[in-house]
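Below is one structure, written out as structure tokens, with a few remarks after it.
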Amino acid sequence: MKVLVTYSSKTGNTKKLAEGIFAGIEVEEKVIMPMSEVTNIDEFDTVLVGYWVDKAAPNAEAAKFMESLSGKKVGIFATLAFWPDSDHAWQSLCNGEAIVKENNTVIGKYICQGKLDEKIIAMFEKMPADNPHAVTEEKRKRYEISKNHPTSADVVAAAELFKEKLMVYSGC
Ligand SMILES: Cc1cc2nc3c(=O)[nH]c(=O)nc-3n(C[C@H](O)[C@H](O)[C@H](O)COP(=O)(O)O)c2cc1C
């Protein structure tokens with residue numbers, strides 16, 4: 001069994017999560033690379049794929065990559081700016097799962113917070129109060145908290161989940 005950990009990451013959150021998962025999974029043959037560098041998917045029977053959430057779904061590069069997967073065991077991980085225990089987070093993960101589940105076997109999924117780009121926060125700060133993206137005190141506090149994410153606890157939890165799933169579902 002050969003495992004590929006691959007990810008799409010604009011500001012580094014999902015990359016950090018991917019690297020922690022890669023370090024934590026106990027398999028003999030494993031490879032990590034950004035999905036833009038994946039050329040021969042045939043050599044892997046298990047793919048752990050990571051994306052950042054864009055409007056409650058995988059970002060475009062990741063969605064395209066996930067659509068191309070077939071006949072694999074697939075683990076899905078993602079980062080988003082909102083709370084990880086929200087309906088929005090779960091939906092964002094299930095929307096990724098929906099892309100792969102017809103043609104693959106989904107072995108697990110994980111989502112956690114990832115800090116929102118400072119440039120986007122600055123843009124939101126300029127929005128009028130009636131705009132849904134306008135910054136409130138609650139949001140300001142959440143943005144501050146999310147600056148620490150993914151935390152080492154997030155990364156350890158993701159790595160543990162996939163290590164255990166691989167032990168059961170991929171014969172490692
Ligand atoms: C265009 C855009 C759309 C986003 N949409 C969402 C969203 O729908 N929900 C959410 O919680 N976060 C959203 N985010 C925040 C990112 O998903 C989050 O900050 C993520 O951790 C970024 O990961 P990266 O550092 O790997 O690029 C969005 C960010 C951008 C730039």
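The values are calculated or read from the model by the stated rules, or taken from the named source; none is laboratory data. Remember, it's a predicted structure, so these values are computed and weren't measured experimentally. Every residue, glycine as well, gets a Cβ built from its backbone with ideal geometry; the counts of neighbours run over all protein chains shown.
I'd like to know if the range 31-44 contains one or more residues that are modelled with pLDDT under 95, closer than 19 Å to Leu161 by Cα, crowded, with 16+ Cβ neighbours inside 10 Å and outside the structural domain of Arg142 (by TED's automatic domain parsing).
Looking for residues that are modelled with pLDDT under 95, closer than 19 Å to Leu161 by Cα, crowded, with 16+ Cβ neighbours inside 10 Å and outside the structural domain of Arg142 (by TED's automatic domain parsing), one finds none in the range 31-44, hence no.
What is the one condition in (1) acidic (Asp, Glu); (2) modelled with pLDDT of 95 or more; (3) in a loop (DSSP other than H, G, I, E, B) that Glu19 does not satisfy?
Evaluating Glu19 over (1) acidic (Asp, Glu); (2) modelled with pLDDT of 95 or more; (3) in a loop (DSSP other than H, G, I, E, B) leaves (3) as the failure.
Does Glu164 meet the test of being of a type outside the set (S, T, N, Q), over 15 Å from Asn13 (Cβ atoms) and in the same structural domain as Ser8 (by TED's automatic domain parsing)?
So Glu164 fits the description; yes.
Read through the list (1) farther than 17 Å from Lys109 by Cβ; (2) away from the ligand (no atom under 16 Å from the Cβ); (3) of a type in the set (Lys, Arg), then give the number of the only condition that Lys73 fails.
(1)
Any residue in the range 41-48 that is without any contact (Cβ under 8 Å) to a residue 60 or more places away in the chain and either within 20 Å of Val156 (Cα to Cα) or in contact with a Pro (Cβ under 7 Å, 6 or more places away or on another chain) (or both)?
Here is the first cut: in the range 41-48, the residues without any contact (Cβ under 8 Å) to a residue 60 or more places away in the chain are 41-44, 47.
When the remaining residues are screened for being either within 20 Å of Val156 (Cα to Cα) or in contact with a Pro (Cβ under 7 Å, 6 or more places away or on another chain) (or both), the result is 47.
Within the range 41-48, one or more residues are without any contact (Cβ under 8 Å) to a residue 60 or more places away in the chain and either within 20 Å of Val156 (Cα to Cα) or in contact with a Pro (Cβ under 7 Å, 6 or more places away or on another chain) (or both).
So which residues in the range 39-62 are in a helix (DSSP H, G or I) and more than 27 Å from Ile120 (Cβ to Cβ), if there are any at all? Explain how you work it out, then say what you get.
Here is the first cut: in the range 39-62, the residues in a helix (DSSP H, G or I) are 41-43, 60-62.
Matches in the range 39-62: Ile41, Asp42, Glu43.
Being over 30 Å from Glu26 (Cβ atoms) and touching a residue at least 60 places away in the same chain (Cβ under 8 Å) is true for just one of Asp54, Asp117. Which residue is that? Working first, answer last.
Working: Asp54 fails: touching a residue at least 60 places away in the same chain (Cβ under 8 Å).
Matching residue, one of Asp54, Asp117: Asp117.
Pick from Ile21, Ile25: which is away from the ligand (no atom under 16 Å from the Cβ), buried (at least 16 other Cβ atoms within 10 Å of the Cβ) and in contact (Cβ under 8 Å) with a residue 12 or more places away in the chain? Talk me through it step by step, then tell me what you get.
Numbers: Ile21 fails: away from the ligand (no atom under 16 Å from the Cβ).
On inspection, the qualifying residue turns out to be Ile25.
Can you tell me which of Ser9, Ser36 is within 14 Å of the ligand (Cβ to nearest atom), touching a residue at least 24 places away in the same chain (Cβ under 8 Å), part of a loop (DSSP other than H, G, I, E, B) and over 23 Å from Arg140 (Cα atoms)? Outline the logic, then answer.
Working: Ser36 fails: part of a loop (DSSP other than H, G, I, E, B).
That would be Ser9, the only listed residue that is within 14 Å of the ligand (Cβ to nearest atom), touching a residue at least 24 places away in the same chain (Cβ under 8 Å), part of a loop (DSSP other than H, G, I, E, B) and over 23 Å from Arg140 (Cα atoms).
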